[in-house]
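One structure is given here, and the rest of the page talks about it.
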Amino acid sequence: MEGIYKEDGFWWVNELADIFYFKSINQETGEESLEILSWTRMVDLSIYPKNPVRMYDIESNSKKCYFLLYQVGDRYKIEVENIYELDELCREKNIILTEKNKL
């Protein structure tokens, strides 16, 4: 089972899945946990430039941070919709996103 990988400064997947996870590390305690990245269905992707094929989200305290997947050749590039929301989520949970995989 292949997961998310980083190449040339971008996150990529070779195949689509309903759920991915990011391994995270709490900066104060060093404790590892999983941040679930789940497929956001029923969203109008036509409003986004570059024709994304799917949207995923991570939820924390009822706030969501969204990620868009774009097909590039035979794989998919992952881009965060709003980098400030991701930064806020990481600061709020005091985490660093590290190793990335698919469940």
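Please treat every number below as a calculation from the coordinates, not as lab data. What you are looking at is a predicted structure, and each value in this text was computed from that prediction instead of being measured. We place every Cβ from the backbone using ideal geometry, glycine too, and count neighbours over all the protein chains shown.
In terms of overall dimensions, region 1-53 has a Cα radius of gyration and Dmax of 14.3, 42 angstrom.
Amide H contacts for Trp11 (H built 1.01 Å from N in the peptide plane; partners 5 or more residues away or on another chain; cut-off under 5 Å): Ile78. For Ile4, the amide hydrogen comes within under 5 Å of the amide hydrogens of Asn101, Lys102, counting only partners 5 or more places away or on other chains and with H modelled in the peptide plane.
Using the Karplus curve 6.51 cos²θ - 1.76 cosθ + 1.60 with θ = phi - 60°, what ³J(HN,Hα) values do you get for each residue of region 7-12, in whole Hz, with x for Gly and Pro? Those phi angles translate into 8, 6, x, 10, 8, 9 Hz.
Residues Ser24, Ser46, arranged from fewest to most other Cβ atoms within 10 angstrom of their Cβ, appear as Ser46, Ser24. Net charge dipole, region 1-64: roughly 300 debye, given to the nearest 20, about the Cα centre with Cβ charges of +1 for Lys and Arg and -1 for Asp and Glu. Counted residue by residue at 0.36 nm each, then reduced by the alpha carbon distance between them, the extension gain from Leu97 to Glu28 reaches 23.4 nm.
Residues whose amide H comes within less than 5 Å of that of Glu81, counting only those at least five positions distant or on another chain, are Tyr66, Phe67, Leu68 (H built at 1.01 Å from N in the peptide plane).
The residue among Ile95, Val80, Asn26 whose Cα reaches farthest toward the positive pole of the charge dipole of the chain, with charges on the beta-carbon of Lys, Arg, Asp and Glu, is Val80. Looking at the chain, the pairs of alpha carbons with a distance over 20 Å make up 36% of the total. Across region 38-52, computed HN-Hα scalar couplings (Karplus, 6.51 cos²θ - 1.76 cosθ + 1.60, θ = phi - 60°) run 10, 5, 8, 8, 6, 10, 7, 7, 5, 7, 9, x, 6, 6, x Hz from first to last residue, x flagging Gly and Pro. Residue-wise HN-Hα couplings along region 53-58, as the Karplus relation 6.51 cos²θ - 1.76 cosθ + 1.60 with θ = phi - 60° gives them from phi, are 9, 8, 10, 10, 9, 10 Hz; Gly and Pro carry x.
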